[in-house]
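Trainee: Here it is, the structure, as C-alpha cells.
The values are calculated or read from the model by the stated rules, or taken from the named source; none is laboratory data. Bear in mind the structure is a predicted one, so any value in this text is a computation, not a measurement. Cβ atoms come from the backbone with ideal geometry, glycine included; neighbour counts cover every protein chain shown. Only protein heavy atoms, including side chains, enter the accessible area calculation; ligands, DNA and RNA are left aside. Shrake-Rupley method; radii C 1.70, N 1.55, O 1.52, S 1.80 Å.
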Amino acid sequence: MAGSRFFPKSPTILSPTFSGQFGSGDQAVQASLGHLLSRAYTLPCSTAAQAFSQLVQPTSRFQLALDALLPLLNSSAELAQRILVSFILYSMYAPYPISINPFKSALFSTFVKERELATRAANEGGFSENEQLVWVLWKILKGDGNDIGPYSPSTLSRSPLLPELRASNLFLDEETFTESNVSDPVKSRQEEARNSNGRNPSEGMSASVPPHETNISREEDERNERIAHGMKLLLAARDRVLTLTEQRILTPLIPHLTSPPMITSMDLPSIVANNSNLAYSLYIALLTASPVDSTAQGLSAYLEVLTQLPPTLPSFDLLGRLLRDTTSITDPTTGGRSTIADLVRTEVLGRFLHESINWLDNAERQEREGLISDDRFATGVRNLCRFYNSLLKLTIVDAASDADSTEMAHFTLRNSRFGEANALYRVLAAGKF
C-alpha cells in the first residue's frame with residue numbers, strides 16, 4: 001500500500017499466505033485489516049489492537065490470528081511488526097489471566113528463543129536488536145501487557161532499556177507456560193487444520209476458545225460488521241470525497257471509532273480537505289471524548305491541526321462551525337468546564353489567522369517567481385476576508401480590539417487591490433462594524 005502524505009509507507013504485517021486463507025466474501029475485511037496494520041506502527045499498541053477487534057468478527061479472530069499473525073512471531077519480520085503481533089495475540093484475551101491465553105505457549109517459546117539469542121550476544125560483547133522484543137514478551141507473560149498499550153510498536157522497538165531490564169536479567173517460571181497436562185489449543189488447531197481434508201477450519205473451535213468468543217448474538221455480529229465497514233470508510237475519507245450514502249453510514253459510527261481513536265491527528269488534514277462535514281463530526285467526538293479515551297496531549301494535537309489548516313473553503317467551513325458550537329467540554333488546560341466554541345476561539349483562531357496570512361504571503365511570492373500559475377493567492381485572499389467578515393458579524397472577533405484585528409488590518413491594507421480586502425480594511429480602520 002502506498003504511504004499517504006502524512007505517513008511513510010510501512011510494510012504490511014499480514015502473512016504472505018493471508019489472502020489464500022479467506023474466501024471472496026472476506027475480501028473487504030482483508031483489505032481493511034491490511035490497510036490498518038500496514039500503518040499501525042505509529043499508533044499506540046492498544047489502538048491497533050482495538051481496531052483489530054472491531055474489524056474482525058469475534059468468531060474469526062482466533063483463526064485469523066492463527067493463520068496470519070502467529071507465523072510472524074518467529075519470522076524474520078521487522079522488530080516493530082513482531083512487537084505488534086505479540087500485543088494483538090495478548091490483547092485478544094486480555095480480560096483473562098495469561099495462563100488461559102491459547103497463544104501463551106507460542107509467546108513463551110519466542111521469549112525463550114529470543115532471550116537466549118540476546119544473552120549470547122551480550123556475553124560476546126555485542127547487543128541484540130531484539131532486546132526490546134524480549135522485554136515486551138516478558139511484560140505480557142507476567143500479566144502486565146496493559147502497561148505497554150499506550151506506546152506504539154515503533155517507539156517500543158527503538159526505546160533503550162535499563163541495564164536491569166536487559167534480556168539476561170529477565171526470567172519466567174517455565175512450568176507456568178509449559179504444563180504437560182494442559183492441551184495447547186494452538187497446536188490442536190494446527191493439527192486439526194492438517195487433518196481436516198477440506199473441512200472448514202473454524203469447525204470445532206468452541207472447544208479451544210473461551211465462551212465469550214463463541215456466544216455471539218446476531219445483533220452483536222451485525223454491530224461488529226457495521227463498525228468494520230465504518231472503519232473502512234473512515235480510512236477512505238482521507239483519500240477521497242465520500243458519497244452521501246457513505247457519510248450517512250459513517251456518521252453514526254464515529255463515537256465508536258473515536259473511543260479510543262482509530263485515527264491520529266495526522267489523518268485529520270486530509271479528512272478536512274475531502275470531507276469537511278465528516279471532519280466536523282469527528283472533531284466533536286474527539287474533543288468531547290471521556291478522560292479514559294483522551295488526554296490533554298491528544299486534545300492539544302487535534303487543536304494544533306486546526307491552526308495549520310490552509311485557508312481554503314473546507315477549512316473555513318469547519319472552523320466556522322466549531323466557533324459556533326456550544327457543546328460543553330473539559331478545558332485541557334484548566335480542567336474546568338468550557339465549550340467547544342470558547343476553546344477554539346482562545347486556542348485556535350488567532351494562530352489559524354496568522355498561519356493563513358503566512359500561507360497566502362508565501363503563495364503570492366511563489367506566484368511572482370512563476371512557481372505557480374493558478375489563482376490560489378487571489379482566491380485565498382477573498383475567502384479569508386469573507387471568513388473574517390462573518391466572524392465580525394457573529395461578534396466572534398471585535399473590530400475595535402487591537403488583539404483581534406491588528407494583523408488582519410495590515411493584511412487587508414497590503415492587499416487592498418482586492419475588493420473584499422479593501423472593504424474589510426475600511427471596517428477595521430473605522431474600529432467598528
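Trainee: With charges set only on the Cβ (+1 for Lys and Arg, -1 for Asp and Glu), what does the dipole of the range 312-433 come to about its Cα centre, in debye to the nearest 20? Walk me through the numbers on the way to the answer.
Mentor: Details: 15 positive and 17 negative charges, 73 e Å.
It comes to approximately 360 debye.
Trainee: Need the full-extension length gain, Ala273 to Tyr96, defined as separation in residues times 0.36 nm minus the C-alpha distance. One decimal, nm. Write down the numbers at each step before the final one.
Mentor: On the way: separation 177, 0.36 × 177 = 63.72 nm, distance 4.28 nm.
Answer, rounded to one decimal: 59.4 nm.
Trainee: On to the next question. Expressed as a whole number of Å, what is the distance separating the alpha-carbon centroids of the range 220-274 and the range 106-166?
Mentor: 35
Trainee: Counting only heavy atoms of the protein chains, get the accessible area per residue of the range 64-153 (1.4 Å probe) and round it to a whole Å² value.
Mentor: On the way: 3340 Å² over 90 residues.
Spelled out: the 1.4 Å probe surface of the range 64-153, per residue, equals 37 Å².
Trainee: Further, regarding this structure: Under 15 Å from a point placed 7 Å out from the Cα of Ser300 along the Cα-to-Cβ direction: which residues of the range 347-378 have their backbone N that close?
Mentor: 347-348
Trainee: Any chance you could run the full-extension gain for Thr243 through Arg365? It's 0.36 nm times the residue separation minus the Cα-Cα distance, nm to one decimal. Don't jump to the answer; show the numbers that get you there.
Mentor: On the way: separation 122, 0.36 × 122 = 43.92 nm, distance 3.67 nm.
Between Thr243 and Arg365, full extension yields 40.2 nm more.
Trainee: Percent of accessible area on the range 301-347 owned by carbon and sulfur, 1.4 Å probe?
Mentor: On the way: 1060 of 2070 Å².
That share works out to 51 percent.
Trainee: In nanometres, what is the gap between the two model label sites at Ser75 and Glu407, each 7 Å from Cα along Cα-to-Cβ?
Mentor: Placing both labels 7 Å along Cα→Cβ, they lie 4.9 nm apart.
Trainee: Before anything else, pin down the relative contact order of the range 388-431: Cα pairs under 8 Å, at least 6 apart, normalised by residue count, whole percent.
Mentor: Details: 30 pairs, mean separation 14.8, N = 44.
The value is 34 percent.
Trainee: Here's a follow-up. Residues with amide H under 5 Å of Ser152's amide H, sequence separation 5 or more or different chain, H placed in the peptide plane at 1.01 Å from N; which?
Mentor: Counting only residues 5 or more places away or on other chains, the set is Cys45.
Trainee: Additional query: What is the distance, in nm, between label points placed 7 Å from the Cα along the Cα-to-Cβ direction at Asp173 and at Ala400?
Mentor: 7.6
Trainee: Quick one: dipole size for the range 235-369, taken about the Cα centre, charges +1 on Lys/Arg Cβ and -1 on Asp/Glu Cβ, in debye to the nearest 20.
Mentor: The calculation lands at about 300 debye.
Trainee: Now, a different point. On average, how much accessible surface per residue is there in the range 345-433, in Å², for a 1.4 Å probe, leaving out ligands, DNA and RNA? Intermediate values should be presented prior to the final figure.
Mentor: Details: 4810 Å² over 89 residues.
I get 54 Å² per residue for the range 345-433.
Trainee: Still on this structure: So how much slack lies between Arg158 and Arg351, counting 0.36 nm per residue of separation and subtracting their Cα-Cα distance, in nm?
Mentor: Values: separation 193, 0.36 × 193 = 69.48 nm, distance 3.38 nm.
Gain on extension, Arg158 to Arg351, equals 66.1 nm.
Trainee: Follow-up. What's the FRET efficiency of Ser390 with Thr339 using the Cβ-Cβ distance as r and R₀ = 22 Å, to the nearest 0.05?
Mentor: Details: r = 19 Å, r/R0 = 0.86.
Efficiency at R0 = 22 Å is approximately 0.70.
Trainee: Let me cross-check Ile357: its accessible surface, 1.4 Å probe, with only protein heavy atoms counted, in Å² to the nearest 10?
Mentor: 10
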